[in-house]
Amino acid sequence: MMLALLTIWCAGTGVLFDVQAVACKNPRAFAFVADCDEDGTGDVLIVDGETLVLCPSTTKGATHRIQLPAGAVAFDIANLDGDEQSEIVCVSGNSIIRQDIALEGPVPAARELFGVETLFRDVQPGWRKPVVLVVSHEGRQLIALPRENALELCSADGKQVKSFELRDDDSFGIPFTSWYGGPPRIAPPGAFKMKVSHRIMRKPELPESLQPPHEDDKNDLADNYGFFFDQVRELYGKEPPEWIGFFKVAGDDAASKWTLWAYDADANPLEAQRIVLWIVELRRDDPETLPRKEAVGPARRYPGVAYYRYRYEDYAPDFDGDGYVDLLLMRAPAPGMSVGAVARAVTGRSYPLHIAIHLFSPDKNRFEAQPKAQLKLKVPMHWYLTSGPLQKCVLRDFDGDGKTDFACSTDEDRFAVWLFKDGFGEEPDFEYRCDERIEHVALETDLTGDGRTSIVLRSEKAFHILYAR
């Protein structure tokens, strides 16, 4: 089923997104990004059961559905033969299969390239994921397959070109798995594969061209909570408060600033509580060792609850584009436990939600006490009592100006975007209303490589692609 392309116009602000709704039948359908039309930009693809739905940028507004070969558990979208057209290369049992992509006319029949036993044999039936199968090595497009004792590179006719043996203490994960990272991002033309991450328990010695990408990680100490605790104990001579977490404000491996954060111990989670922040300066002389503490700033308190979904990702909000991570806080008046408050929760009436953005000041070495931008929203009351009042939040650059913008759901079926222009406007710069409940944000990615983020929303029966203009 192909749904028409919808263009949403926002009064007085121009067009931010084109919107395409793609119907799906399978509740476990998921979206990812690949370049299926070889134009050097990302395309949204959807795995809907055994069907692969393509939404190529060259035919924006149209969808193309291709039936994946029976039993396919792993597949890749790549230009295998250099003919300026991507193909689907997949593994089904012991068969390596090629499925040509036809954006016009009938879809050609799939054909087996060769047979070989791989570790994908251990994958459970119904597991169907995009993986890295086609790689560039020494000027050739080859198919990379995990075998029992090696990663083998084969030509399209099945001849082994190279084999990277596992050492005695190496092993692939069981079953072997590798899939796209999140959120996926497009790279310059010809380099899309370098933005795909591999997941291997232990990997053989591989050349640099086959190594997983080494992305700059803003949270390179995210697995070293104990290190921070030790530093705080050393500073205060006692146990630190109950930390919620930390995130990097700025810097590199040699010198960096981090924020440790916690809440006042006696605060009510539903009330406008206060967050406690410490700015920690670290320095690392040797990349093989943990950094040492240079200084810890005083504890500072700010009103609100921190939103820190981004501390696990490679993107953190920088609303003024100065290279320093900024602080997003949310708060609401305490609803209390009156009969009226309970009734509002049951009936799902809206309740106030206040969003505040505090910019980081490098000169003062702290977040500004006064918010630079604020939003006053009304959201369903029951969100407070379930998964939290700020739903489907996306902190990305939507207009390509190098500054983080703000987007979130304002109701079960509504999604709104505010651009940061030295603050936020009272009304959203863009609003999309779905014909059913929005379940989650499936993707948030730069499809064109120019800094403008597109968004894919998931509802029960469809994916809603918001193409940044």
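Quick notes
- The one condition in (1) in contact with a strand residue (DSSP E or B) (Cβ under 6 Å, 6 or more places away or on another chain); (2) assigned to a loop (DSSP other than H, G, I, E, B); (3) at pLDDT 90 or above that Ile96 fails to fulfil: (2)
- Close pairs from the range 449-462: first closer than 21 Å to Asp401 by Cα, partner open to solvent by 40 Å² or more (accessible area, probe 1.4 Å), Cβ under 7 Å, at least 6 apart: Gly449/Pro188; Gly451/Gly402; Arg452/Asp399
- Residue match in the range 80-91 (condition: open to solvent by 10 Å² or more (accessible area, probe 1.4 Å), charged (D, E, K, R) and at positive phi): yes
- Residue match in the range 431-449 (condition: at pLDDT below 95, farther than 30 Å from Arg28 by Cβ and touching an Asp or Glu at 6+ places or on another chain (Cβ under 9 Å)): no
- For Leu377: the one exception among (1) closer than 28 Å to Thr63 by Cα; (2) free of Cβ contacts under 8 Å to residues at least 40 places away in the same chain; (3) surrounded by 20 or more Cβ atoms within 10 Å (Cβ to Cβ): (1)
- Looking only at the range 108-153, and only at residues there that are of a type in the set (S, T, N, Q) and farther than 19 Å from Asp83 by Cβ, the one that is least open to solvent (accessible area, probe 1.4 Å): Thr118
Conditions tested, residue by residue: (1) hydrophobic (A, V, I, L, M, F, W, C); (2) within 19 Å of Ala34 (Cα to Cα).
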position: Ser95; (1), (2): no, no
position: Arg98; (1), (2): no, yes
position: Ala102; (1), (2): yes, yes
position: Val123; (1), (2): yes, no
position: Arg128; (1), (2): no, yes
position: Val134; (1), (2): yes, yes
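- The set of residues from the range 268-287 being of a type in the set (A, V, I, L, M, F, W, C) and either at pLDDT below 55 or in contact with an Asp or Glu (Cβ under 9 Å, 6 or more places away or on another chain) (or both) comprises Leu270, Ala272, Ile275, Val276, Val280, Leu282.
- Of the residues examined, Leu359 is one that is modelled with pLDDT of 85 or more and either out of contact with any Ser or Thr (no Cβ under 7 Å at 6 or more places or on another chain) or among the β-branched types (Val, Ile, Thr) (or both).
- Test: residue in the range 422-439 that is surrounded by 18 or more Cβ atoms within 10 Å (Cβ to Cβ) and out of contact with any strand residue (DSSP E or B) (no Cβ under 6 Å at 6 or more places or on another chain): no
- Pick from the range 288-314, criterion open to solvent by less than 60 Å² (accessible area, probe 1.4 Å) and either among the acidic types (Asp, Glu) or more than 23 Å from His354 (Cα to Cα) (or both), ranking: modelled with the lowest pLDDT: Glu313
- Selected residue (criterion: modelled with the highest pLDDT) from residues of the range 251-260 that are surrounded by fewer than 20 Cβ atoms within 10 Å (Cβ to Cβ) and at negative phi: Ala255
The values are calculated or read from the model by the stated rules, or taken from the named source; none is laboratory data. Bear in mind that the values here come from a model prediction, so they are computed numbers and not experimental data. For neighbour counting, all protein chains shown are included, and Cβ atoms are generated from backbone atoms with ideal geometry for every residue, glycine included. For the accessible areas, the whole protein counts, side chains as well, though only heavy atoms, and no ligand, DNA or RNA atoms are used. Shrake-Rupley method; radii C 1.70, N 1.55, O 1.52, S 1.80 Å.
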